Amino acid sequence: MFRMVLRAPRTPLEREEVDAVPSLRPHELRLRVRACGVCRTDLHVVDGELEHPKLPLVPGHEIVGVVTEVGAEVHEFSVGDRAGVPWLGWTCGECAYCRSGRENLCERARFTGYDIDGGYAQETVADARYCFRIPAGFDDVTAAPLLCAGLIGYRAFRLAGDANRLGLYGFGASAHLVAQVARHFGREVYAFTRPGDAEGQEFARSLGVDWAGGSDERPPNELDAAILFAPVGSLVPTALAVTARGGVVVCAGIHMSDIPSFPYRLLWEERTVRSVANLTRKDGEEFLPLAAEISIRTTTTPLPLARANDALTRLRDGQVEGALVLVP
């Protein structure tokens, strides 16, 4: 089989031929990868913005695969089942965070495509306890973005509270899914793209948002909450400036450029700025059935696995509508 390997940050991935993936531990699955989404977190790892990844590393954490072998203690899946592998790959289960339902904050957590080899490969191995069943209504390619763009977006949506008017900054893989969830729950959605991105704004309107414009524009109404998917720190004060009293600004990325200083008046009147870190298995157990129930439409562009570097370049340059998905 072959896989795409990162040997050093800020260098292209290299194609590597290997005979086999190592033998399974008791709780692991072996998967034949059918699709793997290209996430902005992959880009942060490859570009060296997330420090200390396992090297060499196979990136990718939006994995859909077919089980080809199960470990001795696996009871959740059988050979032939379809499984999804997310960013959260393992937690200790013992610390205060894990024991209080906050396994996303586990200090010993290991992450797929960062600490554990991921899905930019024809075959991979994952801990079955952290994998999800894929709803039948999604094919392999359209299911892949649900496993991070969808899950992180859903967690960010929940942390935004019961906001009626919700702003989404950076209308990419996550935002185009969150917009559909928000509309399902009757929320007003305001989509913010890069200034001048007419195509991105039209894409947002095609998904039923109430307004779309550039991140340098003021929406027609104050927001009750905003979610920032774009990793741009200067958008924090921008979003605060159009958020109503008592509103919340949620930073949904794992990495963001520095937030500039801003006047206290933007934060005053009980506005809140908070971040989202990783995901929990409960997020997946809630979101994936919901995605199937409301028939979320994932907009995807499939590319051959061998073109992983091209996919990362397109994402880096902002040349993506929806999500890119690698197909071995």
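Structure summary
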| quantity | calculated |
| --- | --- |
| Flag for G60 being touching a Leu at 6+ places or on another chain (Cβ under 8 Å), in a loop (DSSP other than H, G, I, E, B) and in the same structural domain as G284 (by TED's automatic domain parsing) | yes |
| Residues of the stretch 87-109 classified as buried (at least 20 other Cβ atoms within 10 Å of the Cβ) and more than 20 Å from C131 (Cβ to Cβ), total | 0 |
| Checking T124 against (1) under 18 Å from the mean Cα position of the chain (by Cα); (2) assigned by TED's automatic domain parsing to the domain that holds E73; (3) crowded, with 22+ Cβ neighbours inside 10 Å, the condition it does not meet | (1) |
| Residue among F77, F111 that is within 21 Å of C39 (Cβ to Cβ) and either in the same structural domain as P53 (by TED's automatic domain parsing) or out of contact with any helix residue (DSSP H, G or I) (no Cβ under 6 Å at 6 or more places or on another chain) (or both) | F111 |
| Matching option when the condition is modelled with pLDDT under 95 and at negative phi, among V21, V85, V33, V70 | V21 |
| Cβ pairs under 9 Å, 6+ apart, first in the stretch 13-40 and closer than 24 Å to A149 by Cα, second modelled with pLDDT under 95 and acidic (D, E) | L29/E76 |
| Of all residues making up the stretch 78-99, the number that are more than 23 Å from the chain's Cα centre (by Cα), among the hydrophobic types (A, V, I, L, M, F, W, C) and not in a loop (DSSP other than H, G, I, E, B) | 1 |
| Criterion: under 18 Å from the mean Cα position of the chain (by Cα) and at pLDDT 95 or above - qualifying residue of G150, G213 | G150 |
| Residues located in the stretch 156-179, provided they are in a helix (DSSP H, G or I) and surrounded by 24 or more Cβ atoms within 10 Å (Cβ to Cβ) | A156, F157, A173, S174, A175, H176, L177, V178, A179 |
| Residue list for the stretch 184-241, restricted to those being free of Cβ contacts under 8 Å to residues at least 12 places away in the same chain and either assigned to a strand (DSSP E or B) or among the aromatic types (F, W, Y) (or both) | F185 |
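Table: residues versus (1) surrounded by fewer than 21 Cβ atoms within 10 Å (Cβ to Cβ); (2) among the polar types (S, T, N, Q); (3) not in a loop (DSSP other than H, G, I, E, B).
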{"position": "G246", "(1), (2), (3)": "yes, no, yes"}
{"position": "I254", "(1), (2), (3)": "no, no, no"}
{"position": "I259", "(1), (2), (3)": "yes, no, no"}
{"position": "F262", "(1), (2), (3)": "yes, no, no"}
{"position": "E270", "(1), (2), (3)": "yes, no, no"}
{"position": "A277", "(1), (2), (3)": "yes, no, no"}
{"position": "L288", "(1), (2), (3)": "no, no, yes"}
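The values are calculated or read from the model by the stated rules, or taken from the named source; none is laboratory data. Since the structure is predicted, the reported quantities are computational estimates derived from the model, not experimental observations. No Cβ is skipped: glycine too gets one built from the backbone with ideal geometry, and neighbour counts run over all protein chains shown.
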